[in-house]
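Below: the structure, in structure tokens.
What follows is calculated from the coordinates using simple rules that are stated; it is not laboratory data. Treat the numbers as computed from the prediction; the structure is a model and nothing was measured. Here the Cβ is made from the backbone with ideal geometry for all residues, glycine too, and neighbour counts use every protein chain on show.
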Amino acid sequence: MTTTNERRETENEDWVACIALIRDDGDERAFARLFAHFAPRVKGFLMRSGSDAAQAEETTQEVMATLWQKAHLFDPSRATAATWIFTIARNRKIDALRRQKRPEPEDLPWGQDPEPDQADVLALQQESDQLGTAIAALPEKQRVLIEKAYFGDLSHSEIAEQTGLPLGTIKSRIRLALDRLRHEMK
Amino acid sequence: MTNIRPEIKHHLTDPLLMAYSAGTLPEAFSLTVAAHVSMCDECRARLGSFDSVGGALIEQTEAEDVSEDTFAATMARIRAGGPRDAKPAPRTRSDVLPAPIHDYIGGGLDAVRWRHVGMGVKQAVLPTARDATARLLYIPAGAAVPDHGHRGTELTLVLQGAFVDEVDHFGPGDIEVANEDLDHTPVADIGADCICLAATDAPLRFRAMIPRLAQPFLRI
């Protein structure tokens, strides 16, 4: 249905704008819109990952507060809002559920693009939407396996070959953003 | 900082990148993955794509109602948190050690507390959670790594120099992903002393190993 797709795209475009409003103006109404969409999803993700409701509620607050605190570090040419929020939720989950540290890679030496190209941002968003559609359309067995891997029910050695995941375009897109950034920051 | 990057031939596998993205790896493995990604743009981009899968799952996951006062409680947290985090200072690294390893040592190579394990080889175990072990290995040029059969998974990331085994030649930034099927004797290249980060889950992951060990028998 094109209407759903169009709505999803505008919604998603909105998230990047919302995060910019939070970053630039501390805009609580923009934050409230993001919150209404993402907080229940983050909570659902945490509960499916083994948190009880009370802990998930607490961790969701931490995740959303972190989003506000780190809004200036969000780079929409390298991750969509949903992907960025996923990484924040995942890190909180490791902290809260497994009580382990998570070593993070170095950030790129040339840092972050202050003004990412709008075309890049849009292209990444579209490709992420396509990835989402493709995941939803995977055969049930394969999709369940991927969900289990991300919700923490599978160890790395149990994760079989994920041939069903169409990651090629999105990887190229991110690679392109990295290359462009490297080039511009020279 | 130099931007001259080694040509990396040996990369992380999809299951490892996916598990790192999902946040389910033992800390010692996460450290090794984070160190390799710090050196390898190819795997950084692949990791970005696995994070995108996580983003898609967040979008698709069944939403759970949050309680009425959650938004107000979050705003209170934000206000109590004071001004926004400053842009983080670049993390410290050294010529040989990427920042994630530097963090665990609390300094550069000169801060490593080596222990001799024989034949000129030295090791230093890094302080991670005990479900897997990460150690730095120092192998003099031309020396062989003492026999270390792996029963679980072993990741070996080259930081300096190179080693050769039955599989291939591994230079700076290359990572070898080995399991119990691989019987190998890594030998440091004669060009320079070799420093590696090696992570293994064998000794303490007995339960997780059972299905893998049982596999060959079940097939009979």
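Are there any chymotrypsin sites (Phe, Trp or Tyr not before Pro) in the range B:61-159 that are in a DSSP loop and have at most 16 other Cβ atoms within 10 Å? List them by number. Walk me through the numbers on the way to the answer.
Values: sites: B:71, B:104, B:114, B:138; in loops: B:114.
Sparse-neighbourhood loop chymotrypsin sites (Phe, Trp or Tyr not before Pro): B:114.
Which entries in A:101/B:122; B:9/B:122; A:93/B:122; A:70/A:101; A:101/B:87; A:43/A:148 show an alpha-carbon gap greater than 28 Å?
Values: A:101/B:122 26 Å; B:9/B:122 26 Å; A:93/B:122 36 Å; A:70/A:101 19 Å; A:101/B:87 21 Å; A:43/A:148 16 Å.
Cα-Cα > 28 Å for A:93/B:122; rest within.
Shielding by partners for A:42-53, please: the mean number of other protein chain Cβ atoms within 10 Å of each residue's Cβ.
Working: counts 5, 7, 8, 8, 2, 3, 4, 4, 0, 0, 0, 4.
Mean shielding count: 4.
Quick one: net charge around residue B:93, please, counting Lys, Arg +1 and Asp, Glu -1 for every other residue with C-beta under 10 Å from its C-beta.
Numbers: positive: B:91; negative: A:106, B:95, B:103.
My count for the surroundings of residue B:93 gives -2.
Students often check this: by mean Cβ neighbours within 10 Å, which of A:58-71, B:157-170 ranks highest, and how do the rest follow? Let's see the in-between values first.
Details: A:58-71: 22.0, B:157-170: 19.0.
The densest-packed peptide leads the list: A:58-71, B:157-170.
Based only on other Cβ atoms within 10 Å, what is the fewest-to-most ordering of A:88, B:190?
Details: A:88 19, B:190 12.
Going from sparsest to densest Cβ surroundings: B:190, A:88.
Sorted by packing (mean other beta-carbon atoms within 10 Å per residue), highest first, where do B:7-20, B:33-46, B:86-99 land?
Ranked from most to least packed, the peptides come out as B:33-46, B:7-20, B:86-99.
Figure the gain on full extension for residue B:124 and residue B:151 (residue separation times 0.36 nm, minus the Cα-Cα span) and round it to one decimal in nm. Walk me through the numbers before you get to the answer.
Values: separation 27, 0.36 × 27 = 9.72 nm, distance 2.06 nm.
Roughly 7.7 nm would be gained on extension.
Which net charge results when you count Lys and Arg as +1 and Asp and Glu as -1 among the other residues whose beta-carbon is under 10 Å from that of residue B:169?
On the way: positive: B:9; negative: B:165, B:168, B:174, B:189.
Residues near residue B:169 contribute -3 overall.
From Cα pairs below 8 angstrom and at least 6 apart in sequence, can you work out the relative contact order of chain B, rounded to a whole percent?
Numbers: 349 pairs, mean separation 48.3, N = 220.
Here the relative contact order equals 22 percent.
Once you average over the residues of B:73-81, how many Cβ atoms of partner chains fall within 10 Å of each Cβ? Intermediate values should be presented prior to the final figure.
Working: counts 6, 12, 8, 2, 7, 11, 2, 1, 4.
Whole-number average of other-chain Cβ neighbours for B:73-81 is 6.
Please give the average number of partner chain Cβ atoms lying within 10 Å of the Cβ of each residue in A:33-40, rounded to a whole number.
Values: counts 0, 0, 5, 2, 2, 3, 7, 7.
Mean number of neighbouring Cβ atoms from other chains: 3.
Please list, by residue number, everything in the range B:56-72 whose backbone N is under 20 Å from a paramagnetic label point 7 Å out along Cα→Cβ of residue A:53.
What the label zone holds, given the 20 Å backbone N cut-off, is B:61-72.
Mind running the shape call on the range B:1-71? Use the C-alpha gyration tensor, a ≥ b ≥ c as the square roots of the eigenvalues: rounded below 1.5 for a/c, prolate if a/b tops b/c, oblate otherwise.
Working: a/c = 2.55, a/b = 2.43, b/c = 1.05.
Cα axes put the range B:1-71 in the prolate bin.
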